[in-house]
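Right, one structure below, let's go through it.
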Amino acid sequence: STLSSSSAASDVYKRQILYNRHIFTLKFNKMKQSDKILYWKKNVKYLLILLSVWFFVSFVLGVFFVDYLDGVKKTADGIVEDPESIFHGFRLGGFKLGFWIGQQGAVYVFVLIILIYVILMNRLDKKFNIEEKEITTSDH
């Protein structure tokens, strides 16, 4: 019984995806060419901004500025604590900030970026009247 109810839920989910893709395609194809161009320009703009944030947090902060965020500096004697750094002694979850961003923070930011993208695209879809509709089990 559990397997069949899980399979039925999966079937409804698959139908939902196919239905939404079909409706989106129909609505998008009916749009004026100028609206299509504007829609994709905004979509690409969102992508570029959000991917830039991801790159900055993941690579710039998590790789290139990790020592600065950890409050350390490289000297002839090796890596030593930098008491003049504004991040000296700062800990997040018990770890130095640079390490934390590289190991945890970038993942949190990535999940946040996905959430922001979903919200932005839902708003954009509504603005251009191509938003997805929920389908119920009575629709099949």
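General remarks:
- Meets criteria (in a helix (DSSP H, G or I), out of contact with any strand residue (DSSP E or B) (no Cβ under 7 Å at 6 or more places or on another chain), modelled with pLDDT of 85 or more and surrounded by 15 or more Cβ atoms within 10 Å (Cβ to Cβ)) for Tyr39: yes
- Candidate set: region 52-82, residues that are open to solvent by 40 Å² or more (accessible area, probe 1.4 Å) and in a loop (DSSP other than H, G, I, E, B); chosen: the one nearest to Ile101 (Cα to Cα): Phe65
- Residue, modelled with the lowest pLDDT, within region 85-113, restricted to residues that are surrounded by 14 or more Cβ atoms within 10 Å (Cβ to Cβ), of a type outside the set (Phe, Trp, Tyr) and closer than 21 Å to Asn43 by Cβ: Val109
- Flag for Ile116 being outside any helix (DSSP H, G or I) and surrounded by 12 or more Cβ atoms within 10 Å (Cβ to Cβ): no
- Entry remark, region 19-36: residues being modelled with pLDDT under 75 and open to solvent by 70 Å² or more (accessible area, probe 1.4 Å) number 4 in total.
- Filter pass, Glu134 being under 30 Å from Asp11 (Cβ atoms), of a type in the set (Asp, Glu) and modelled with pLDDT under 90: yes
The values are calculated or read from the model by the stated rules, or taken from the named source; none is laboratory data. Just so it is clear, the structure is predicted and the values come from calculations on it, not from any experiment. FYI the Cβ positions are ideal-geometry reconstructions off the backbone, even for glycines, and counts take in every protein chain you see. When the accessible area is computed, the model is the full protein with side chains, heavy atoms only, and any ligands, DNA or RNA have been set aside. Shrake-Rupley method; radii C 1.70, N 1.55, O 1.52, S 1.80 Å.
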